[in-house]
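Down below is the structure, laid out as structure tokens.
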DNA sequence: TTACCTGCAAAGTATTTGCGCGTTC
DNA sequence: GAACGCGCAAATACTTTGCAGGTAA
């Protein structure tokens with residue numbers, strides 16, 4: 001994400017924080033900025049390491065607390081992963097995921113890249129349907145190269 | 001799943017085990033049977049509790065080890081969940097999930113219930129596409145009743 | 001009989017919590 | 001100045017591991 005877009009997101013975060021009476025702290029800004037700048041879907045530990053250079057005194061617990069706050073504000077989302085580690089995503093637009101079954105790499109894909117998708121029924125098994133996302137499994141370019149002999 | 005289908009699955013498991021030189025133990029059969037009988041997607045603890053009546057001496061560690069073995073045999077799959085707990089699924093057919101955003105309840109849905117879905121491109125962002133699954137978010141009947149005032 | 005598997009207990013990893021001090025508003 | 005949030009360390013929750021005895025083939 002480019003710098004001006006990030007600033008825009010950060011001030012949106014500030015606005016929401018003020019609205020709810022939450023403090024705008026360096027730590028929360030740093031966590032959110034780190035997540036916005038990353039095209040990946042890092043876990044708490046990775047975010048912590050990324051921030052640590054600029055804020056050597058920040059603690060991992062604070063990163064978890066900041067992520068919690070950002071989730072409550074609705075500016076980030078949680079991403080489930082098969083390895084049992086929580087990953088986070090600053091992209092809150094509806095989108096889909098492309099995941100490598102070999103190395104676990106996870107990329108966002110927009111609806112437009114998937115082509116036209118049908119609208120779902122508004123009710124399924126008694127559930128009121130809100131939205132849906134598609135998880136595409138595949139093999140990433142790197143793993144295709146590495147795994148030519150074993151596939 | 002009905003009893004005859006379960007027996008069929010269990011003997012398939014026995015066949016695969018023999019093929020790979022793995023022992024067919026009561027504990028593994030019990031774990032697999034529990035998972036087959038459950039329409040839900042239980043976690044290790046839940047499976048353990050379900051088995052415990054019949055096998056009071058089984059340990060939770062054994063349940064984890066049995067689940068590992070079943071995963072390796074490919075007769076069950078892991079299901080990611082937002083709460084950071086691994087859940088398991090004896091349904092290895094390609095299928096989709098319907099999840100309640102309020103209570104986390106998770107149901108399987110077959111492709112036929114979603115209606116016609118378009119074929120995806122065979123390559124996306126350099127990935128070789130293998131397959132995909134759809135996660136539908138919604139509100140389950142129980143939560144619709146409970147949450148009428150708050151929604 | 002022999003190799004594999006179980007059950008126990010202890011360790012490991014990811015995440016959460018309590019609390020006194022520091023920071024934001 | 002008061003409320004809120006941070007950092008530390010300890011606690012918790014889920015899962016994995018090592019090993020001695022037991023079980024399947």
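The values are calculated or read from the model by the stated rules, or taken from the named source; none is laboratory data. Worth saying up front: this structure is predicted, and the values here are computed from it rather than measured. A quick note on method: Cβ atoms are made from the backbone with ideal geometry, for glycine too, and the neighbour counts reach across all protein chains shown.
Among the criteria (1) part of a loop (DSSP other than H, G, I, E, B); (2) under 18 Å from residue B:11 (Cα atoms); (3) within 12 Å of chain A (Cβ to nearest Cβ), the one residue B:83 does not fulfil is (2).
I'd like to check something: does region A:80-87 contain any residue that is out of contact with any helix residue (DSSP H, G or I) (no Cβ under 9 Å at 6 or more places or on another chain) and at pLDDT 95 or above? The answer is no; no qualifying residue exists. Using the structure shown, decide if residue A:34 is more than 12 Å from DNA strand C (Cβ to nearest atom), more than 23 Å from residue B:82 (Cβ to Cβ) and more than 14 Å from every other protein chain (Cβ to nearest Cβ). Answer is no for this residue.
Within region A:45-64, restricting attention to residues that are surrounded by 13 or more Cβ atoms within 10 Å (Cβ to Cβ) and in a loop (DSSP other than H, G, I, E, B), which residue is farthest from DNA strand D (Cβ to nearest atom)? So the residue we want is A:55. You will find that of A:99, A:136, A:129, the residue that is touching a strand residue (DSSP E or B) at 6+ places or on another chain (Cβ under 6 Å), more than 7 Å from chain B (Cβ to nearest Cβ) and part of a strand (DSSP E or B) is A:99 and no other.
Among the residues making up region B:1-39, those that are surrounded by 12 or more Cβ atoms within 10 Å (Cβ to Cβ), within 15 Å of DNA strand D (Cβ to nearest atom) and either at pLDDT below 95 or not in a helix (DSSP H, G or I) (or both) are B:22, B:24, B:25.
Only one entry of A:67, A:98, A:114 meets the criterion of being surrounded by 17 or more Cβ atoms within 10 Å (Cβ to Cβ), without any contact (Cβ under 8 Å) to a residue 40 or more places away in the chain and more than 16 Å from DNA strand C (Cβ to nearest atom), and that entry is A:114.
Scanning region B:42-60 turns up one or more residues that are within 16 Å of DNA strand C (Cβ to nearest atom), under 30 Å from residue A:87 (Cβ atoms) and without any contact (Cβ under 8 Å) to a residue 12 or more places away in the chain. The single condition among (1) in a loop (DSSP other than H, G, I, E, B); (2) touching a residue at least 24 places away in the same chain (Cβ under 8 Å) that residue A:120 does not meet is (2).
Scanning region B:74-94 for residues that are more than 12 Å from DNA strand D (Cβ to nearest atom) and surrounded by fewer than 18 Cβ atoms within 10 Å (Cβ to Cβ), we see that the one that is nearest to residue B:23 (Cα to Cα) is B:74. In region B:65-74, is there at least one residue being within 30 Å of residue A:128 (Cα to Cα) and outside any strand (DSSP E or B)? There is no residue in region B:65-74 that is within 30 Å of residue A:128 (Cα to Cα) and outside any strand (DSSP E or B).
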